[in-house]
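A quick write-up on the structure given underneath.
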Amino acid sequence: MTKTLAVLVASLAILATACGGGGAGGPAATTTASQAAASASPTARPCCTKVTAAYSNISADDWLSCYAFEKGVFTDNGLTVDLQSINGGTQTSAALLAGSVQIAQFGGAEALSANAGGGDLVVVANLAPVYPYKLYAAKGITSIQGLKGKKVGVSNAGGSSDIATRAALKSAGLDPDKDVNIVPVGSHANRTAALLAGTIDAGVDDPPEDVELVKAGLTVLVDLAGQKLPAANTGVIMQRTFLNANKETVQAYVDSLTIARVKMKADKAGATAVLGKYFKLDNQTALDGAYDFFMNEVTVPYLYPEVVQFRDAVSILGAGNPNIAKVDISKMIDRSFVQSAQDRKLGG
């Protein structure tokens with residue numbers, strides 16, 4: 001299924017392409033895993049409410065929604081989801097603010113900036129509550145201190161990869177604005193390509209997209225995911241007006257993501273097949289590595305958005321935008337939908 005989405009926000013034109021159609025289910029899991037997946041039963045809802053949703057990058061951060069789309073989990077929860085891919089968090093935020101999509105998955109930092117600018121976006125879940133990255137550097141750079149004077153790539157200024165990169169540099173005692181040259185390249189895919197081409201010296205990446213970086217001999221300087229630093233890396237976000245008018249739909253969407261994770265834990269083959277489809281990748285070793293990385297180091301059974309996850313974004317963005325400090329994060333997040341899913345034990 002392919003669909004073109006044209007969004008005009010000020011002078012910004014955004015092109016979005018719909019996700020591919022449904023795929024076949026994976027092989028049967030073990031009895032224990034199958035029983036766990038079967039126990040994650042949604043509240044029965046009539047079929048089907050149409051929802052237009054979007055994600056900001058082809059990234060394993062959005063694996064749960066892609067799996068839910070491909071395996072019919074959204075439909076089981078009474079939703080017909082038109083799942084769009086928009087290239088970059090800033091562009092995805094713009095599409096949401098323009099009303100071209102109803103639910104969007106992108107960085108909490110972009111949502112924070114939008115609200116500081118007068119928007120009223122709400123984060124109802126967080127698909128990546130820690131930074132899901134490794135910081136890669138070109139051959140010959142063996143420590144983070146070796147990045148002084150070098151070009152470090154991010155997707156967009158103020159976006160998730162920018163916040164993660166700056167947090168990693170600051171934790172190592174480097175000043176991101178003085179010691180390195182931060183270079184926005186537009187998207188996750190562009191960042192990987194720039195690392196391979198050598199037009200940037202370092203940048204964060206994650207499995208399975210980092211498989212080519214590993215082959216090229218680039219060096220991992222920091223495993224951010226392993227540090228378990230709280231982050232609002234990929235939120236499930238919508239305008240407050242939509243949330244207030246469509247709470248059952250929002251609950252069904254959050255339920256679907258929660259159940260998708262349970263099913264993925266019981267269906268590694270099916271989960272990696274979905275990821276391979278979206279990345280156009282048939283390297284099973286890389287796909288298995290991505291599965292282990294995200295299922296064990298990044299995702300959690302219940303995808304609560306938390307105030308602490310915005311700490312780095314507030315600190316970093318607030319240095320250049322006084323309106324950031326005026327945003328009440330506790331009012332920007334709504335934990336009730338994940339809480340409902342947990343009360344019904346949908347995540348196991």
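The values are calculated or read from the model by the stated rules, or taken from the named source; none is laboratory data. Values in this document were obtained by computation on a predicted structure and should not be read as measured data. Glycine also receives a Cβ, built like all others from the backbone with ideal geometry; neighbour counts cover every protein chain displayed. Quick note on the areas: whole protein, heavy atoms, side chains included, nothing else; ligands and nucleic acids left out. Shrake-Rupley method; radii C 1.70, N 1.55, O 1.52, S 1.80 Å.
For segment 173-307, with every protein chain kept in place, what is the accessible area per residue (1.4 Å probe, Å²)?
Ligands and nucleic acids excluded, the result is 38 Å² per residue.
If we count every other residue with Cβ under 12 angstrom of Gly117's Cβ, Lys/Arg +1 and Asp/Glu -1, where does the sum land?
-1
What share of Cα pairs, in percent, lie more than 30 angstrom apart in the chain?
Counting pairs separated by more than 30 Å, the tail of P(r) holds 32 percent.
Ordering Thr75, Thr241, Thr92, Thr52 by accessible area with a probe of 1.4 Å, largest first, what comes out?
Descending order: Thr241, Thr75, Thr52, Thr92.
Please calculate the 1.4 Å probe accessible area of Cys66, with all protein chains present, and give it to the nearest 10 Å².
Ignoring ligands and nucleic acids, Cys66 comes out at about 10 Å².
Relative contact order for the chain: what percent, with Cα pairs under 8 Å and sequence separation of 6 or more?
Across the chain, relative contact order equals 25 percent.
For Asp177, what accessible area in Å² do you get when you roll a 1.4 Å probe over the heavy atoms of the protein chains, rounding to the nearest 10?
Accessible surface of Asp177 is approximately 110 Å².
What is the spread of the Cα atoms of segment 104-235 along each of their three principal axes, largest first, in whole Å?
45, 32, 26
So what's the back-of-envelope 222 nm ellipticity for the chain, counting only DSSP H runs of four-plus at -39500 (n - 2.57) apiece and dividing by all residues, rounded to 500?
-11000 deg cm²/dmol
Among Arg191, Arg261, Arg240, determine the one that fluctuates most according to a GNM of the chain built with springs between C-alpha atoms less than 10 Å apart.
Arg240
Against the 2.2 N^0.38 Å scaling, with N counting residues, where does segment 73-147 land? I'd like the Cα-based Rg ratio to two decimal places.
1.50
Quick one: of Lys50/Lys265; Lys247/Lys280; Lys139/Lys280; Lys215/Lys280; Lys134/Lys263; Lys50/Lys331, which pairs are farther than 29 Å apart, Cα to Cα?
Checking Cα-Cα distances, Lys247/Lys280 exceed 29 Å.
Compare Pro184, Pro322, Pro129 in a GNM of the chain, Cα atoms joined below 10 Å, and give the one with the largest fluctuation.
Among Pro184, Pro322, Pro129, the largest mean-square fluctuation in the Gaussian network model of the chain belongs to Pro322.
What are the trypsin sites (Lys or Arg not before Pro) within segment 78-182 that DSSP puts in a loop, where the Cβ has at most 16 other Cβ atoms within 10 Å?
Lys139, Lys148, Lys150, Lys178
Leaving out ligands, DNA and RNA, and with a 1.4 Å probe, what % of the accessible surface on the chain is carbon or sulfur?
The nonpolar share, carbon plus sulfur, comes to 53 percent.
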